[in-house]
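Each reported figure results from applying straightforward, stated rules to the coordinates on display, with no laboratory input. This is a predicted model, so every value here is computed, not measured. Cβ atoms come from the backbone with ideal geometry, glycine included; neighbour counts cover every protein chain shown.
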Amino acid sequence: MLVECDNMSVQIGKRSILSDISLSIKSQEIVTVLGPNGSGKTTLFKTLIGALAPTSGVLKKKPGLRVGYVPQKLHIDETLPMTVERFMNLPGGHSAETVASALAHAGLPRLDKQQIMDLSGGQFQRVLLARALLGNPDLLLLDEATQGLDHRGSADFYRQIASVRKNLGCAIMMISHELHVVMRQTDRVICLNGHICCQGEPETVSDSPEYHALFGLDQESEAALYLHHGHTQTKETSHV
């Protein structure tokens, strides 16, 4: 077990953000956290990282746990000349071999000399992923890392995440609004709205009343969503 929360609550000022959170993250597991805006997803991540402390309850971490973090977005001045290699080395201390290995695992081999300003949105998110892999993390946290990417870009990124888990053996916890996209790449889903509404395997959660109530989905709209996703996947496969 890498992380375990038992009835954990987090309060910022006088405002309760999370209450009675009980969850665990096992080695090499992929967990997806779903929830509407303001549901406490980022607060949960900040608490797991150690930037916030639980107000009550218990948070246990494996001794010496190494955590990598991929932010939702990161603004870089487009007028600043900087190669991927230099960005990866900020503030320094990584060998060329370590940087090259991290980029390869993120799906960007031989991109170290590319200018940051010339990268596409999907490429830059993979560079952020590569940076998070430099410390060889036991647990990788991704805070809506596909925001701003189109459907194919999101699907490609999540497939890369599954490859990272397979090749590096780290556990992955990611925030997403796209259950229909992450369905094939995640082991477990947690629906969060200040507390855990439901959790379990993706297929179980997608059929639960709590999930439908949380996102305002009815059976007809959910069926249309899955049909669209399946059609897109078929087109992508035939294109390849």
>> Given contacts defined as C-alpha pairs under 8 Å and at least six residues apart, what's the relative contact order of the chain, whole-number percent?
In response: 25 percent
> Amide H to amide H, which residues 5 or more places from CYS198 or on other chains are under 5 Å from it, using H placed in the peptide plane?
Replying inline: CYS191
> For the chain, what is the mean residue ellipticity at 222 nm derived from helices alone (per DSSP H run of n ≥ 4: -39500 (n - 2.57); sum divided by total residues; nearest 500 deg cm²/dmol)?
Replying inline: -11500 deg cm²/dmol
> By DSSP, what percent of the beta bridges with both residues in the chain are antiparallel, rounded to the nearest 5?
Replying inline: 50 percent
>> Using the crude model of +1 on Lys and Arg Cβ and -1 on Asp and Glu Cβ, and no other charge, please compute the dipole size for region 53-193 relative to its Cα centre, in debye to 20.
In response: 560 debye
>> Please give the charge dipole size of region 16-100, origin at the Cα centre, charges +1 on K and R Cβ atoms and -1 on D and E Cβ atoms. Round to the nearest 20 debye.
In response: 400 debye
> So what does log10 I(q)/I(0) come out to for region 1-106 at q = 0.14, 0.16 Å⁻¹, using the Debye formula with one equal point on every Cα and no solvent?
Replying inline: -0.76, -0.90
> For the chain, with the dipole built from +1 on Lys and Arg beta-carbon atoms and -1 on Asp and Glu ones, taken about the Cα centre, which of THR32, GLY148, PRO109 lies farthest toward the positive end?
Replying inline: PRO109
